[in-house]
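We did not get these values from a lab; they are worked out from the coordinates using the rules stated. All values reported here derive from a predicted model rather than from experimental measurement. So basically every Cβ, Gly included, is an ideal-geometry build from the backbone, and we count neighbours across all protein chains shown.
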Amino acid sequence: MKFAAFKEGMVITHPPVVVGEEEMLAFSRRYDPQWFHTDPQRAQEGRWEGLIGSGWMTCALAMRMLVDVALHDSEAFGSPGIEDLRWTKPVRPGDALRMETTVLSVRRSTSRPELGILKWTWRLFDQHDELVLELTATSLFDLADKPQA
């Protein structure tokens, strides 16, 4: 989507993606090697009563979904960060996660009019419609050659 297509209040969705156990294990072994993410047998005896995915993998999945439905053909070039990141429920092998993203604000920078600033809330829900991830992100767009609307 182009920056001009984003409107305050708009909701952008991505259909469910099933999270596989091998994908969870591979990610966690490489980037978040805590036993409850990497050892299915030991995780069975732990607090979560089974293997759970790394929250960082859940964030990466959310990013992929957002690129697929909104950012792949945009002027976006980065982000200064996120706010209020919450993992509200563990993600387990076989969960089907879907995304709902709500645009909170869309504006041009007053000091740098070639810069578009988009603030949005990303939410992932599992197959039971239970929230598993919520964060608010700011994305930056290069509008250098775009006329102001």
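Any idea which residue in region 90-118 is farthest from HIS14 (Cα to Cα), counting only those that are surrounded by fewer than 16 Cβ atoms within 10 Å (Cβ to Cβ) and of a type in the set (Lys, Arg)? It comes out as ARG112. Restricting attention to region 1-10 and to residues that are surrounded by 13 or more Cβ atoms within 10 Å (Cβ to Cβ) and out of contact with any Ser or Thr (no Cβ under 7 Å at 6 or more places or on another chain), the residue that is nearest to VAL103 (Cα to Cα) turns out to be MET10. Restricting the first residue to region 18-31 and requiring it to be over 22 Å from HIS128 (Cα atoms), which pairs with a second residue that is part of a helix (DSSP H, G or I) and of a type in the set (Val, Ile, Thr) meet a Cβ separation below 8 Å and a spacing of at least six or different chains? Here the result reads LEU25/THR38; SER28/THR38; ARG29/THR38, each pair linking region 18-31 to a residue that is part of a helix (DSSP H, G or I) and of a type in the set (Val, Ile, Thr).
ASP73 meets each of the listed conditions (1) under 15 Å from SER139 (Cα atoms); (2) surrounded by 12 or more Cβ atoms within 10 Å (Cβ to Cβ) apart from (2). Scanning region 119-133 for residues that are surrounded by fewer than 17 Cβ atoms within 10 Å (Cβ to Cβ), in contact with a strand residue (DSSP E or B) (Cβ under 9 Å, 6 or more places away or on another chain) and in contact (Cβ under 8 Å) with a residue 24 or more places away in the chain yields a total of 2.
Scanning region 11-53 for residues that are among the hydroxyl-bearing types (Ser, Thr, Tyr) and surrounded by 13 or more Cβ atoms within 10 Å (Cβ to Cβ) yields SER28, THR38. Looking at this structure, is SER109 within 30 Å of ALA4 (Cα to Cα), without any contact (Cβ under 8 Å) to a residue 12 or more places away in the chain and not acidic (Asp, Glu)? Criteria met by SER109.
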